[in-house]
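S.K.: Sharing a structure, written as structure tokens. Questions coming.
Nothing in this text is a laboratory measurement; each read-out follows from the coordinates by a stated rule. Computed from a predicted structure; not experimentally measured. Don't worry about glycine lacking a Cβ; one is built from the backbone with ideal geometry, like all the others, and counts go over all protein chains shown.
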């Protein structure tokens with residue numbers, strides 16, 4: 001489905017991935033409507049050629065969307081996963097997803113595809129290779145993804161194709177974790193978490209956008225779509241490559257017990273790895289712009 005002239009409704013449009021996606025959709029000639037809790041801020045950030053609404057009720061009944069993309073949700077990395085924080089993470093995903101499911105069901109003209117963000121946290125932790133067929137686990141990050149994806153699948157009752165984008169660690173200069181990590185390396189001090197042997201499943205922001213484009217355009221894609229580069233890296237290799245690019249002269253190891261003491265279960269994101277492969281994307285002949293970690297980092301550092 002060519003994007004030129006197509007109408008896309010997007011949540012999370014002011015976030016890191018959302019901003020890049022808006023730029024891509026604009027360049028492809030798509031019409032863009034963004035749902036935002038802060039319409040004025042969104043309009044200022046994204047530009048006046050983007051339609052911004054503060055609620056789904058503001059969308060006209062005869063307004064047809066070819067694709068609806070749901071990227072909204074409170075950041076997982078940040079505050080420790082206390083009971084209250086866990087409730088916030090779950091609610092921020094379920095509420096908007098359920099609203100969109102009801103919105104689509106009530107439309108006379110329904111979208112061709114509903115794409116919702118998820119995460120590779122679905123697979124839990126470990127060294128085993130995970131493609132889209134691997135079963136989830138019972139830790140918090142997996143359960144969070146499971147309930148989010150289950151809510152999104154409600155759109156199938158409306159006869160709409162559903163794609164769940166399981167995101168790895170997204171690398172970009174203007175958002176996500178990379179800029180904060182980069183600051184330390186720029187100051188000459190890198191970090192190795194635990195023994196550094198845990199896997200890091202990463203993806204360049206340009207390929208995230210490319211995979212969303214693929215999910216919109218290829219009607220054969222349905223269900224889970226891993227958004228990771230073909231080759232994961234060990235965390236020690238991550239530190240080595242980024243450090244070399246920044247001229248870093250010192251790498252400080254942070255023991256597992258320190259990370260666990262500071263962050264609790266959230267420390268899993270740093271000290272326990274996931275080795276995820278984008279089997280579905282490769283099966284549908286997606287060509288990654290950045291398939292190798294060093295080339296992705298060097299491109300980001302050169303900008």
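S.K.: Expressed in whole Å with the largest first, what are the equivalent ellipsoid semi-axes of the stretch 1-79 derived from the C-alpha gyration tensor as the square root of 5 times each eigenvalue?
M.R.: On the way: eigenvalues 80, 45, 30 Å².
After scaling each eigenvalue by five and taking roots: 20, 15, 12 Å.
S.K.: Show me, bin by bin at 10 Å from 0, the whole-percent P(r) of the stretch 1-142 based on Cα pairs.
M.R.: For the stretch 1-142, the pair-distance distribution reads 10, 36, 33, 18, 3.
S.K.: Additional query: Could you tell me how many degrees, from 0 to 90 and to the nearest 10, lie between the Cα long axis of helix 83-106 and the main elongation axis, the longest principal axis, of the Cα atoms of the chain?
M.R.: Helix 83-106 sits roughly 30 degrees off the main axis of the chain.
S.K.: Shifting gears a bit: Just subtract the alpha-carbon distance of residue 222 and residue 83 from 0.36 nm times their residue separation and send over the number in nm, one decimal. Don't skip to the end; give the middle numbers.
M.R.: On the way: separation 139, 0.36 × 139 = 50.04 nm, distance 3.33 nm.
Taking residue 222 through residue 83 to full extension adds about 46.7 nm, to one decimal.
S.K.: Let me ask you something else. Would you indicate which of [x] 26, 24, 21; [y] 45, 26, 16; [z] 33, 21, 19 is the value of semi-axes √(5λ) of the Cα gyration tensor in Å derived from the coordinates of this structure?
M.R.: [z]
S.K.: How big, in percent, is the set of alpha carbon pairs in the stretch 92-214 lying more than 23 Å apart?
M.R.: On the way: 3405 of 7503 pairs.
That tail contains 45 percent of the Cα-Cα pairs.
S.K.: So what's the back-of-envelope 222 nm ellipticity for the chain, counting only DSSP H runs of four-plus at -39500 (n - 2.57) apiece and dividing by all residues, rounded to 500? Provide the component values of the computation, followed by the final result.
M.R.: Values: 11 runs with 118 residues, N = 303.
The per-residue figure over the chain is -11500 deg cm²/dmol.
S.K.: Tell me the angle of helix 293-302 to the major Cα principal axis of the chain, expressed in degrees between 0 and 90 and rounded to the nearest ten.
M.R.: 80 degrees
S.K.: Report the extension gain between residue 91 and residue 43 in nm, rounded to one decimal, defined as 0.36 nm multiplied by the number of residues separating them, less their alpha carbon distance. Don't jump to the answer; show the numbers that get you there.
M.R.: Numbers: separation 48, 0.36 × 48 = 17.28 nm, distance 2.52 nm.
Residue separation times 0.36 nm, minus the Cα-Cα distance, leaves 14.8 nm.
S.K.: Now for a different question. I'd like the distance separating the alpha-carbon centroids of the stretch 107-185 and the stretch 41-65, in whole Å.
M.R.: 24 Å
S.K.: Same structure again: State whether the stretch 199-252 is rounded, prolate or oblate according to the following rule on the C-alpha gyration tensor (a ≥ b ≥ c being the square roots of its eigenvalues): a/c under 1.5 gives rounded; otherwise a/b larger than b/c gives prolate, and the remaining case gives oblate.
M.R.: Verdict is prolate for the stretch 199-252.
S.K.: Quick one: compute the contact order of the chain, relative version, from alpha carbon pairs under 8 angstrom and 6+ residues apart, as a percent.
M.R.: Working: 558 pairs, mean separation 55.1, N = 303.
In percent, rounded to a whole number, it is 18.
S.K.: What distance in nm lies between label points placed 7 Å from Cα along the C-beta direction at residue 112 and residue 57?
M.R.: Reported label-point gap for residue 112 and residue 57 is 3.2 nm.
S.K.: Going by alpha carbons, how many degrees (0 to 90, nearest 10) lie between the helix axis of 205-217 and the longest principal axis of the chain?
M.R.: Orientation of helix 205-217: about 30 degrees from the principal axis.
S.K.: Can I ask one more? So, R0 is 30 Å and r is the distance between the beta-carbons of residue 139 and residue 258; what FRET efficiency does that work out to, to 0.05? If you can, show how the numbers build up before the last one.
M.R.: Numbers: r = 20 Å, r/R0 = 0.68.
That gives a FRET efficiency of 0.90.
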